[in-house]
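Following: one structure in structure tokens, then a few remarks.
The values are calculated or read from the model by the stated rules, or taken from the named source; none is laboratory data. Computed from a predicted model, the values in this text were never measured in an experiment. Using ideal geometry, Cβ is built from the backbone for each residue, glycine included, and neighbour counts are taken over all protein chains shown.
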Amino acid sequence: MAKAAKKAAPDKANAADEAGNGAENVQGGPPSMKILGQYIKDLSFENPNAPQSLAGQEGQPEINISVNVNAKPMSETDFEVELHLNAKAQGKSSVVFAAELLYAGIFRLENIPQEALHPIVLVECPRMLFPFARQIIADVSRNGGFPPLMLDPIDFAAMYQQRAAAAGNQTKN
């Protein structure tokens, strides 16, 4: 009987430790990021010279891509992050096609240190949205009668650093 009592005591201690750890995780817990939803806010594809633009082009068009990221808080833990992609294919004398996509996601960020929140929202969240936005641009250009436009990966960390440096220069002036 004494052996059974000794065995039961450590189990109760472990159960108390586990319950304590569970309570700590609820209050502080590890940092977490969840995607609550993602969606197209705006999508435009222009093929201004169709059907002539679908005939063989002389040479490759020059393709210009612009990317912008915006975010706004929805609550203490939830943020809407918008990824804005513009792609324009320019031929020798005219626009071959233009695509514009505003793709967004709602992210829940919990237990993130305040100093890390801004970079996570503007770097990690758009990084998670990008593959989906890239696929939409590829599909819409293909459905417009052109080869799929496969965007190169984007370095959102470098974009964030450039934006921060530009903001720092503006405050100095």
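The set of residues in segment 52-73 being over 14 Å from A99 (Cβ atoms) and modelled with pLDDT under 75 consists of L54, A55, G56, Q57, E58, G59. Residues being surrounded by fewer than 11 Cβ atoms within 10 Å (Cβ to Cβ) and not in a strand (DSSP E or B): count how many of those fall in segment 54-90. Of the residues in that region, 7 qualify. Does any residue of segment 92-110 turn out to be part of a loop (DSSP other than H, G, I, E, B) and either surrounded by 14 or more Cβ atoms within 10 Å (Cβ to Cβ) or touching a residue at least 60 places away in the same chain (Cβ under 8 Å) (or both)? Within segment 92-110, none of the residues are part of a loop (DSSP other than H, G, I, E, B) and either surrounded by 14 or more Cβ atoms within 10 Å (Cβ to Cβ) or touching a residue at least 60 places away in the same chain (Cβ under 8 Å) (or both). Of note, P126 does not satisfy the criterion of being in contact (Cβ under 8 Å) with a residue 12 or more places away in the chain, out of contact with any Asp or Glu (no Cβ under 7 Å at 6 or more places or on another chain), over 17 Å from E46 (Cα atoms) and surrounded by fewer than 17 Cβ atoms within 10 Å (Cβ to Cβ). The residue that is farthest from P51 (Cα to Cα), among those in segment 129-173 that are of a type outside the set (S, T, N, Q) and over 22 Å from the mean Cα position of the chain (by Cα), is K172. The single condition from (1) in a helix (DSSP H, G or I); (2) in contact with a Pro (Cβ under 8 Å, 6 or more places away or on another chain); (3) modelled with pLDDT of 95 or more; (4) surrounded by 17 or more Cβ atoms within 10 Å (Cβ to Cβ) that D139 fails is (4). Of everything in segment 26-51 that is assigned to a loop (DSSP other than H, G, I, E, B) and touching an Asp or Glu at 6+ places or on another chain (Cβ under 8 Å), the residue that is nearest to V96 (Cα to Cα) is P31. Only one entry of N86, N173 meets the criterion of being modelled with pLDDT of 95 or more, at negative phi and polar (S, T, N, Q), and that entry is N86. Taking only segment 116-140 into account, find how many residues are farther than 14 Å from M150 by Cβ and of a type in the set (K, R). Result for segment 116-140: 1. Within segment 39-52, can one find any residue that is hydrophobic (A, V, I, L, M, F, W, C), surrounded by 12 or more Cβ atoms within 10 Å (Cβ to Cβ) and touching a Cys at 6+ places or on another chain (Cβ under 9 Å)? No, segment 39-52 contains no residue that is hydrophobic (A, V, I, L, M, F, W, C), surrounded by 12 or more Cβ atoms within 10 Å (Cβ to Cβ) and touching a Cys at 6+ places or on another chain (Cβ under 9 Å).
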